[in-house]
1. Hey, fewest Cβ within 10 Å first, where do ASP150, ASP125 land in order?
2. For the chain, set up a GNM with springs between Cα atoms under 10 Å and report which of ALA140, ALA165, ALA183 has the largest fluctuation.
3. Putting +1 on Lys and Arg Cβ atoms and -1 on Asp and Glu Cβ atoms, find which of LEU54, SER67, VAL77 reaches farthest to the positive end of the dipole of the range 52-101.
4. For MET10 and ALA118 in the same chain, what is the full-extension length gain: residue separation times 0.36 nm, less their Cα-Cα distance, in nm?
5. Show me, for the range 27-40, the HN-Hα J-couplings you get by feeding each phi into the Karplus relation (A = 6.51, B = -1.76, C = 1.60, θ = phi - 60°), rounded to Hz, glycine and proline as x.
6. Would you be so kind as to identify which of MET193, MET217, GLY11 lies farthest towards the positive end of the dipole of the chain, taking Lys and Arg as +1 and Asp and Glu as -1 on Cβ and the Cα centre as origin?
7. Expressed as a whole number of Å, what is the distance separating the alpha-carbon centroids of the range 28-91 and the range 128-184?
8. May I ask you to sort TYR84, TYR45, TYR133 by Cβ crowding, counting other Cβ atoms within 10 Å and putting the fewest first?
Amino acid sequence: MARKRLDQYMGRLNPAQIAEGMNVALVNAKLLVDAANILYENENYALAASVATLSIEESGKVRILRSLAVARNDKEVIQCWRDYRSHTKKNMMWPFLQLFAEGARRLNDFASLFVEEAEHPFLLDQIKQLGFYSDCLGKAHWSNPKDIIDKDLAKTIIKTAAIFARPHHVSEEEIKLWVKHMAPVWKGPKEHMEHGLVEWYKEMKDQGLIEGEADSMEDFIVSGMHNKDMPNSEREV
């Protein structure tokens with residue numbers, strides 16, 4: 001019997017389909033982080049870290065699907081699907097907590113997460129592989145997952161995964177508003193994209209689709225945040 005690869009979709013999606021894809025990813029991300037916590041409690045730190053990384057990758061699909069919703073042409077659509085199925089493109093946000101702990105409080109402070117030549121996505125992918133598999137590395141050294149990943153590293157990755165996997169139902173209307181405000185400015189001048197994001201959040205707030213203060217979101221994007229606590233807007237978007 002001939003082997004057949006899965007038929008992976010590579011086309012456009014409407015807002016309802018985008019929202020469904022986001023919700024499926026977030027539910028699965030929560031299941032994975034719950035599984036990682038069980039492994040952690042049983043002191044299987046290597047496997048816990050690797051499963052938590054899978055959760056981060058699932059949550060990372062949400063950001064990519066937002067890009068797909070406003071893709072300007074077929075080339076961008078195809079690139080979005082490639083990113084959607086790329087491990088390293090989906091885990092680019094994982095150092096978020098570290099940057100926040102170091103004082104990051106506004107959108108620009110997190111720009112390093114998305115630098116094309118950034119190494120952190122590949123680092124997390126390597127941690128995931130080392131947590132799942134034994135290997136022969138360096139000068140014929142055998143790596144054992146339990147000796148590579150310790151309790152503290154596993155705890156950090158699980159904590160990050162849990163933040164990204166917070167329950168949040170994405171509605172079709174949310175995606176329609178995203179397209180309304182972001183499609184006209186997508187990949188345009190930075191200030192235009194910032195304005196579009198602020199206006200999207202404001203209309204989301206006006207329609208009761210999101211919690212948090214519109215002014216806080218505008219501060220986070222444009223003016224900068226000085227509050228030591230994580231803003232509501234940062235938690236919800």
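A short reminder: the numbers here are calculations on the coordinates, not readings from a lab. Since the model is a prediction, treat every value here as computed from it, not as a measurement. For neighbour counting, all protein chains shown are included, and Cβ atoms are generated from backbone atoms with ideal geometry for every residue, glycine included.
1. Working: ASP150 12, ASP125 17.
Final ranking by Cβ density, sparse to dense: ASP150, ASP125.
2. ALA140
3. Value computed over the given set: VAL77.
4. Going from the current span to full extension adds 36.3 nm.
5. 5, 5, 4, 5, 4, 5, 5, 5, 5, 4, 5, 5, 4, 5
6. Projecting each Cα onto the dipole axis, the largest value belongs to GLY11.
7. 6
8. Values: TYR84 21, TYR45 24, TYR133 11.
Placing the least packed residue first, the sequence is TYR133, TYR84, TYR45.
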